1. Per 0.36 nm of contour for each residue apart, how much would the distance between T106 and T34 grow if the chain were fully extended, relative to their Cα-Cα spacing?
2. Out of L113, L52, Q96, whose Cα points farthest toward the positive end of the dipole of segment 15-131 (charges: +1 Lys, Arg; -1 Asp, Glu; placed on Cβ)?
3. Where does the charge balance sit around D111 when Lys and Arg score +1, Asp and Glu -1, over other residues with C-beta under 13 Å from its C-beta?
4. Regarding segment 15-131, what is the average projected area of its C-alpha convex hull, in nm²?
5. I need to check one value: relative contact order of segment 79-151, counting alpha carbon pairs closer than 8 Å and at least 6 residues apart, in percent.
6. Can you pull the one-decimal nm distance between simple spin-label points at A49 and R26, each 7 Å off the Cα toward Cβ?
7. Say R0 is 45 Å: what FRET efficiency, to the nearest 0.05, do R99 and I131 get from their beta-carbon distance?
Amino acid sequence: MNLVKHLDEKTEAPDHIGWRLWQASRAWQADFATAMRAAGHGWFTEARAGLLGHIARAGMRQSALIERSAISKQAVQQLLDGLEAEGIVERLPDPQDGRGKLVRYTRKGLDALRDGDRIKMEIERRYVGRIGEERFTALMGALRALAAGEAAAMGEDAGAEGEVVESK
C-alpha cells in the first residue's frame, strides 16, 4: 500500500518525532512569551522573539541579521521598527558601510535579555521537576546530538556542547 495513501486514510495523525518536537516547542514558546509579558515586557511577542534570538548580544549589522534570520528584508524591517519604537533596539549608521545599519540592544533590551535568561532557567527547573533530572539530562543530550547531526550534515561546526551519539 502506498504510504501517503495509508497515512491519508488513517483517522488519527501519526505519532512521530516531528509532531512531538513541534508540540514541545510551541508549548515552550507560549510559556516563555507569557512569562516575559508577566515580567513587565508587554511588547514581547513570539514574532519579535523569533528575530531577537538572531541578534548578537553585542549587536550586529542589519544585513547580517536579515541573512541569519532567513526572513524577508521587509519583515525584518517591520519587526525592527516596532522594537526600536519600544526602545528595545537601536539602529546606528554602520561606519564600514555608509548605507548600512548596525542593530544593537538598548539598556531596556539588555534588561529584557537578562529577564529572558532567568525565565528560561525557571522553565527548565519546572521541566526537571516534571520529568526528573536523569530524563532531563538525557533529553538535553539527545537534542544536542540531533542538532550536532544537523550541523554536520550541513557542513557546519556543531559547537563544543554537542555530543554525538553513534548508532550501531
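Bear in mind that the values in this text are calculations on the coordinates, not laboratory data. Nothing here was measured: the structure is a model prediction, and the numbers come from that model. For neighbour counting, all protein chains shown are included, and Cβ atoms are generated from backbone atoms with ideal geometry for every residue, glycine included.
1. Result: 23.7 nm gained on full extension.
2. Working it through, the farthest residue towards the positive pole turns out to be L113.
3. +2
4. It is 8.6 nm².
5. Relative contact order of segment 79-151: 17 percent.
6. Each label point lies 7 Å from its Cα, and together they span 1.4 nm.
7. 0.35
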